[in-house]
1. For the range 83-90, does any single residue satisfy the condition of being touching a residue at least 24 places away in the same chain (Cβ under 8 Å), under 28 Å from the mean Cα position of the chain (by Cα), under 30 Å from residue 409 (Cβ atoms) and part of a helix (DSSP H, G or I)?
2. Quick one: is residue 111 within 34 Å of the chain's Cα centre (by Cα), crowded, with 16+ Cβ neighbours inside 10 Å and not in a helix (DSSP H, G or I)?
3. Consider only pairs whose beta carbons are under 7 Å apart and that are at least six residues apart or on different chains; among these, list those whose first residue lies in the range 521-544 and is part of a loop (DSSP other than H, G, I, E, B) and whose second residue is charged (D, E, K, R).
4. Out of the residues in the range 114-139 that are under 18 Å from the mean Cα position of the chain (by Cα) and without any contact (Cβ under 8 Å) to a residue 12 or more places away in the chain, which is nearest to residue 161 (Cα to Cα)?
5. Can you list the strands (runs of 3 or more DSSP E) found entirely within the range 320-429 that contain at least 3 residues being among the hydrophobic types (A, V, I, L, M, F, W, C) and either free of Cβ contacts under 8 Å to residues at least 40 places away in the same chain or surrounded by 19 or more Cβ atoms within 10 Å (Cβ to Cβ) (or both)?
6. Regarding the range 118-140, can at least one residue be identified that is in a loop (DSSP other than H, G, I, E, B) and either loosely packed, with under 12 Cβ neighbours inside 10 Å or of a type in the set (Asp, Glu) (or both)?
7. Tell me whether the range 41-50 contains one or more residues that are among the β-branched types (Val, Ile, Thr), surrounded by fewer than 15 Cβ atoms within 10 Å (Cβ to Cβ) and part of a loop (DSSP other than H, G, I, E, B).
Amino acid sequence: MKKLKMKIQGMTCKGCEGHIVEALEKIGAINVKASFHNGEAIFELPKDTDVELSKIAINNIKYQAGMIEEVSFNKNDSDDKIYDLIIIGSGAAAFSAAIKAIEYGATVAIVERGEVGGTCVNVGCIPSKTLLRAGEINQAAKSNPFIGLKTNAQKVDLATLVKQKDELVNELRSQKYINLIDEYGIDLVKGEARFINKTTIEVNDNRYIAKNYLIATGASSYIPKIHGLEFVDYLTSTTLLDLKETPRRLTVIGSGYIGLELGQLFHNLGSKVTIIQRGKQLLKDYDPEISDTVEKSLIEQGIELIKGVAYERIEQIGDIKKVYITVDGKNEIIESEQLLIATGRKPNTDTLNLSAADVNVGESNEIIIDDYGRTSNNKIYAAGDVTLGPQFVYVAAYEGGIVADNAIGGLNKKIDLSTVPAVTFTNPAIATVGLTEKEAKNIGYEVKTSVINLNLVPRAIVNRETTGIFKLVADTRTHRILGAHIVSENAGDVIYAALLAVKHGLTIENLIDSLAPYLTMAEGLKLAALAFDKDVSKLSCCAG
């Protein structure tokens, strides 16, 4: 690599600096640092890249490139500075830790090999949920339950929807991540990090040393071994969201939260969707009442679900993907224009050279951490999806904050994941917190349960959408709420109230004695509490 300094006229603000960085990175520059105060940019280019390309890149975006000169690297370019914390990865865990560490007065660097912001803002939560909302609106236009309301939907312009999605992603990436780098004084190093010993990493042939490290590299799509799959143009949760045309048919292999959300999304956009899974029970980690209700909803909507599948092979002929399966001893072929693989996530650890740092990993190459976020090297921590804990952005952010408290603040905080709410953003949504009935019994509780269908919840009745369920799990002896499980519209909003009940040890009576706003879905929690001892179908409105 060669290190260059270029004088640039026309920069007036931080936004201009961002334009310069983006333009230079497009021609292969790395470690780009632009300063509108100094009127210059410092960056690195591969030795065989013509430096004139950098001038052309700057002039093309209406700035004026001036003199350019080669400057020398410092010894190892970073050995003279020892950071308090170096974070590998730039998602929710990384920024949560970085901001808190800086509030403690630490020096912090973030190393990122791809887009700043991690999975959620770039290819996960944000892009999928905005498209899910678009799909819901399209489906409501095609079919609504009100007999006097005549609506219809025209052909979906997916390319325009995706363009709008990308604009939102870019906006939030800048607001919530990129702009915070300068705001907090974080050093950003672009490139791939690998450990060379217990205290040192190497990025782009430069070495960096820190007193503490946080590995927050996230996870990516796991691709199962199915014969022939490697020769097929399949999609992942990332590439599916960049399609420009709605496929006539979509096959989804995998029925976890990713498969269900994205399968329903494309059903709502107009595709014929088939979801395939190996197991006999949908959502096997949930109580049967929940999984049965979700399955009923999918079938009512027209989504085909095939369970108990053995995969024989997959092949592609032209644009058609064929999945050869065996179900109950019978051979079937599922054909579609697009094939989504949604069979889980794998941790991004392959290139980190963790053995050099004495960091232990598990069977799936996930980083093993203790209750304090530490790895087997007590100066290296890990947080978020790379540990294969609960795969939620809010869990990653929480863990990142705990790491900063422990590594920089000198505290001894434990990570507490005993009451993690989980939401699947289908329609109806699936939300859960605390113990399932089976889990509670397995750890020794004597439990009592309450289950009510949505046809007993006034909000669902007036919405004319009554496929759904509320289930509460309670300790028989103390009446303490141990778990809450919901399938309903806005279940993700309702679950926060249930989280507080579970986390703070509220009882059945506490829920009954609390006022619940009438004609809200949250009222279902109170009705479920009442249903432990009453037939709520025989109560008047709001009566307890």
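1. no
2. Details: within 34 Å of the chain's Cα centre (by Cα): yes; crowded, with 16+ Cβ neighbours inside 10 Å: yes; not in a helix (DSSP H, G or I): yes.
In short, yes.
3. 521/459; 521/489; 532/448
4. Filtering the range 114-139 for residues that are under 18 Å from the mean Cα position of the chain (by Cα) and without any contact (Cβ under 8 Å) to a residue 12 or more places away in the chain, the one nearest to residue 161 (Cα to Cα) comes out as 133.
5. Details: elements: 320-327, 330-336, 338-341, 345-347, 380-382, 422-424.
Ranges flagged: 320-327, 338-341.
6. So in the range 118-140, the residues in a loop (DSSP other than H, G, I, E, B) come out as 124.
Retained after the next criterion (residues that are either loosely packed, with under 12 Cβ neighbours inside 10 Å or of a type in the set (Asp, Glu) (or both)): none.
No, every residue in the range 118-140 fails to be in a loop (DSSP other than H, G, I, E, B) and either loosely packed, with under 12 Cβ neighbours inside 10 Å or of a type in the set (Asp, Glu) (or both).
7. Let us first name the residues in the range 41-50 that are among the β-branched types (Val, Ile, Thr), namely 42, 49.
From what is left, the residues that are surrounded by fewer than 15 Cβ atoms within 10 Å (Cβ to Cβ) are none.
The answer is no; no qualifying residue exists.
The rows are residues; the columns are (1) small (Gly, Ala, Ser); (2) farther than 23 Å from residue 466 by Cα; (3) at pLDDT below 95.
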site: 136; (1), (2), (3): no, no, no
site: 140; (1), (2), (3): yes, no, no
site: 159; (1), (2), (3): yes, yes, no
site: 172; (1), (2), (3): no, yes, no
site: 181; (1), (2), (3): no, yes, no
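The values are calculated or read from the model by the stated rules, or taken from the named source; none is laboratory data. As the structure is a computational prediction, the values presented were derived from the model and not from experiment. Don't worry about glycine lacking a Cβ; one is built from the backbone with ideal geometry, like all the others, and counts go over all protein chains shown.
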